[in-house]
């Protein structure tokens, strides 16, 4: 039969083993001593608790990534869309996270869903598509403001996908096509205007030196001949035809007399 000293030694060993806790670097322990929380969370590393008197609640300080499910939202301009997002948050004050809210992860997730619907519902469709950074910052600010009393810091919110109805996608495609056609017509008109201006300048230069027109004519013939075409058109300068026109006019006047 075991001696009393041996039994006491065994109890002391079990007591010490149950009193020693080891926490990882990303963990903190909120200790409740006879139902009252200690002023400061313990950890990381080796901590000592009193068995049967202290109750330990471990809190993970790692960044939590929450994928918000798709939410059916009616935007400010009455367009029905489905929006989902990703929320990044972490615990910065373990004591508040355990005491102030029953389940801080679930509470933050539900708050993220309702805030996403609220903010996107107050925005127009164009803002959701083109001003995502602004909406992300607005959602993150609201979430961080409400989760701060829980000891939780919302670090980032990102809209992941916006699903539009098929009818709206077709309407936007038509709008984009019309916009492209408008730009093409404007660019074409600007090109015609610039070309006309340059041609007017060229005409003024040629008018100052009539021989330059003849040189341009010969240069054009050279370019046509270099292309090895089977048919070549030779435009006849009007100056070569004028003498014959004058002779014809004189003959007609003589016949009339």
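Taken together, 158, 190 contain a single residue that is surrounded by 10 or more Cβ atoms within 10 Å (Cβ to Cβ), outside any helix (DSSP H, G or I) and modelled with pLDDT of 75 or more, which is 158.
For the range 33-48, name all the residues that are touching a residue at least 12 places away in the same chain (Cβ under 8 Å), at negative phi and outside any loop (DSSP other than H, G, I, E, B). Across the range 33-48, the qualifying residues are 33, 37, 42, 46, 47, 48. Residue 51 versus (1) surrounded by fewer than 16 Cβ atoms within 10 Å (Cβ to Cβ); (2) not in a loop (DSSP other than H, G, I, E, B): which is the lone unmet condition? Failed condition: (2). Answer yes or no as to whether residue 41 is within 39 Å of the chain's Cα centre (by Cα) and either surrounded by 13 or more Cβ atoms within 10 Å (Cβ to Cβ) or within 29 Å of residue 155 (Cβ to Cβ) (or both). So residue 41 does not fit the description; no. Among the residues making up the range 57-73, those that are farther than 30 Å from residue 165 by Cβ and either in contact with a helix residue (DSSP H, G or I) (Cβ under 9 Å, 6 or more places away or on another chain) or not in a loop (DSSP other than H, G, I, E, B) (or both) are 57, 58, 59, 60, 61, 64. Does at least one position in the range 17-32 carry a residue that is surrounded by 10 or more Cβ atoms within 10 Å (Cβ to Cβ) and either in the same structural domain as residue 93 (by TED's automatic domain parsing) or in a helix (DSSP H, G or I) (or both)? Yes, the range 17-32 contains a residue that is surrounded by 10 or more Cβ atoms within 10 Å (Cβ to Cβ) and either in the same structural domain as residue 93 (by TED's automatic domain parsing) or in a helix (DSSP H, G or I) (or both).
The residues of the range 136-155 that are surrounded by fewer than 17 Cβ atoms within 10 Å (Cβ to Cβ) and assigned to a strand (DSSP E or B), listed by number, are 153, 155. Residue 121 meets each of the listed conditions (1) in contact with a strand residue (DSSP E or B) (Cβ under 9 Å, 6 or more places away or on another chain); (2) within 20 Å of residue 60 (Cα to Cα); (3) touching a residue at least 24 places away in the same chain (Cβ under 8 Å) apart from (2). Number of residues in the range 114-135 that are part of a helix (DSSP H, G or I) and buried (at least 17 other Cβ atoms within 10 Å of the Cβ) equals 7. Taking (1) in the same structural domain as residue 119 (by TED's automatic domain parsing); (2) modelled with pLDDT under 90 in turn, residue 68 satisfies each apart from (2). Considering 90, 76, the condition of being out of contact with any strand residue (DSSP E or B) (no Cβ under 8 Å at 6 or more places or on another chain), closer than 24 Å to residue 159 by Cα and either in a strand (DSSP E or B) or touching a residue at least 24 places away in the same chain (Cβ under 8 Å) (or both) is satisfied by 76 alone.
The values are calculated or read from the model by the stated rules, or taken from the named source; none is laboratory data. The structure displayed is predicted, hence computed values, not measured ones. Please note: Cβ atoms are built from the backbone with ideal geometry, for glycine as well, and neighbour counts cover all protein chains shown.
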